[in-house]
């Protein structure tokens, strides 16, 4: 009798191009399991928006596992303990996983490997980060040379076909009921706008197919919030509902102009490369010299932060982005940079507060991407925009033709013409129900630069 192997799903919720699943299936009976672990990640347990996505993604994955022949087991608790308990119950000695690089999963893998035969597989990235090195063998902390080195290793391996059948274990294992996890919001149900998404492997494949028709225009269209020019693949990639190798090959085949998008996939690898080297990048400045910067705190700063989260800053493009985020769990990439820069530099509020808000509200919140992107905007990262480079929302908005975007998400301003909608107050237009700016652009800029000068002594 062949002992079963455990297939531990984490951020690889798919059956196609799934190296861990394929390896487990080749060995004999397979016990697929997902553990909802709010203990091991500590403060970085998944936020509300991602819990909504996870519920629907697990529904889709469970259907696929049942179709293949071995039902998905759901457990809740500290992951290592739950996997060890499951192993004893089904008589398993080996666990297959897709390697993850968040510090808590690396620690969990190390602990589990002391008790069971843990086999970690690739598949989360274009290339393992420790294999992207300089000519002298060093690791990269700047994106451009990292990308050059990574590009030399491309393309990634061809995607493997989906496993056609799984053999169930002789001893069936008990599973939680997904609905009992209460991952979906109830009172109030703030997720109605999330229905624009289709979580799961089928949804990921549909999004990939749709974007293949538009990837040639990506380099231009991605900058314009009023145009649907983004791939919308980020949450599917974060949850591993589609492999990054499949995305790379399909986009490369779709257009000779796919290069700018492939470079963005490289940025995703770069972010993971940074947290692999600096596990606490989401909590500590990448540049120690920035530790002396004095952020605003207290009641006034808290009130400004709340206004920012609600899209009530008085800056239309910032408010449109923050409202889109709350309604749909996603925000246009350029607007993310504008909104983040506004919080950090106009309001002089610690980037970590904004990072945490995004962690709670983004369906694609990723430990590496989220922290690296926030530190890039803040000027605190090992690779970042200078702190003194302050994005001007009132200039960015007309430059990137955000009028339609603002009308969609800030309905108070919908009747304004294109001349006034980007800066109604600056143009002398008063709109009932829409707030005055929290701070003037020049005033905010001068305050931020003064704080930076003081930090530098």
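Some observations on this one:
- For the range 285-298, the tally of residues that are over 21 Å from the mean Cα position of the chain (by Cα) and crowded, with 18+ Cβ neighbours inside 10 Å stands at 2.
- Considering the conditions (1) surrounded by fewer than 21 Cβ atoms within 10 Å (Cβ to Cβ); (2) at pLDDT 95 or above; (3) out of contact with any strand residue (DSSP E or B) (no Cβ under 9 Å at 6 or more places or on another chain), residue 50 is excluded by exactly one of them, (1).
- Out of 320, 301, 339, 282, one residue alone is outside the structural domain of residue 238 (by TED's automatic domain parsing), surrounded by fewer than 20 Cβ atoms within 10 Å (Cβ to Cβ) and either assigned to a helix (DSSP H, G or I) or in contact (Cβ under 8 Å) with a residue 24 or more places away in the chain (or both). It is 301.
- Residue within the range 170-184 that is closer than 19 Å to residue 60 by Cβ, buried (at least 19 other Cβ atoms within 10 Å of the Cβ) and more than 19 Å from the chain's Cα centre (by Cα) present: yes
- Any hit, the range 220-233, residues being farther than 18 Å from residue 365 by Cα and assigned to a helix (DSSP H, G or I): yes
- Residue list for the range 418-436, filter: under 29 Å from residue 295 (Cβ atoms) and buried (at least 19 other Cβ atoms within 10 Å of the Cβ): 422, 423
- Residues that are more than 25 Å from residue 45 (Cβ to Cβ) and outside any helix (DSSP H, G or I), drawn from the range 65-121: 69, 70, 71, 91, 92, 93, 94, 117, 119
A quick yes/no check of all residues on (1) part of a loop (DSSP other than H, G, I, E, B); (2) at negative phi; (3) free of Cβ contacts under 8 Å to residues at least 24 places away in the same chain; (4) buried (at least 18 other Cβ atoms within 10 Å of the Cβ):
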| position | (1), (2), (3), (4) |
| --- | --- |
| 380 | yes, yes, no, yes |
| 416 | yes, yes, yes, yes |
| 439 | yes, yes, no, yes |
| 454 | no, yes, no, no |
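- Only a single criterion out of (1) part of a helix (DSSP H, G or I); (2) buried (at least 18 other Cβ atoms within 10 Å of the Cβ) is not satisfied by residue 209, namely (2).
- Among the candidates 97, 90, 119, residue that is buried (at least 18 other Cβ atoms within 10 Å of the Cβ), outside the structural domain of residue 383 (by TED's automatic domain parsing) and over 22 Å from the mean Cα position of the chain (by Cα): 90
- Scanning the range 140-152 for residues that are within 24 Å of the chain's Cα centre (by Cα) and either assigned to a helix (DSSP H, G or I) or surrounded by fewer than 16 Cβ atoms within 10 Å (Cβ to Cβ) (or both) gives 142, 143, 144, 145, 146, 147, 148, 149, 150, 151.
- Condition check for residue 273: part of a loop (DSSP other than H, G, I, E, B), more than 30 Å from residue 428 (Cα to Cα) and in contact with a helix residue (DSSP H, G or I) (Cβ under 6 Å, 6 or more places away or on another chain): no
- Complete set of residues in the range 13-32 that are part of a loop (DSSP other than H, G, I, E, B) and touching a helix residue (DSSP H, G or I) at 6+ places or on another chain (Cβ under 7 Å): 13, 14, 15, 16, 17
- Residues of the range 70-79 that turn out to be buried (at least 22 other Cβ atoms within 10 Å of the Cβ) and more than 21 Å from residue 59 (Cα to Cα), as a count: 0
- Restricted to the range 153-188, and to residues there that are without any contact (Cβ under 8 Å) to a residue 60 or more places away in the chain and outside any loop (DSSP other than H, G, I, E, B), the residue that is farthest from residue 55 (Cα to Cα) is 180.
- Checking 266, 193, 259 one by one, the residue that is surrounded by 19 or more Cβ atoms within 10 Å (Cβ to Cβ) and within 23 Å of the chain's Cα centre (by Cα) is 266 and no other.
- Qualifying residue in the range 44-64 (condition: more than 15 Å from residue 100 (Cβ to Cβ), in a loop (DSSP other than H, G, I, E, B), outside the structural domain of residue 242 (by TED's automatic domain parsing) and out of contact with any helix residue (DSSP H, G or I) (no Cβ under 6 Å at 6 or more places or on another chain)): no
- In the range 342-357, the residue that is farthest from the chain's Cα centre (by Cα) out of those that are more than 17 Å from residue 44 (Cβ to Cβ) and assigned to a helix (DSSP H, G or I) is 346.
- Residues (in contact (Cβ under 8 Å) with a residue 60 or more places away in the chain, surrounded by fewer than 17 Cβ atoms within 10 Å (Cβ to Cβ) and in a loop (DSSP other than H, G, I, E, B)) located in the range 388-414: 388, 401
The values are calculated or read from the model by the stated rules, or taken from the named source; none is laboratory data. On a predicted model such as this, the values are computed, not experimentally measured, just so you know. Here the Cβ is made from the backbone with ideal geometry for all residues, glycine too, and neighbour counts use every protein chain on show.
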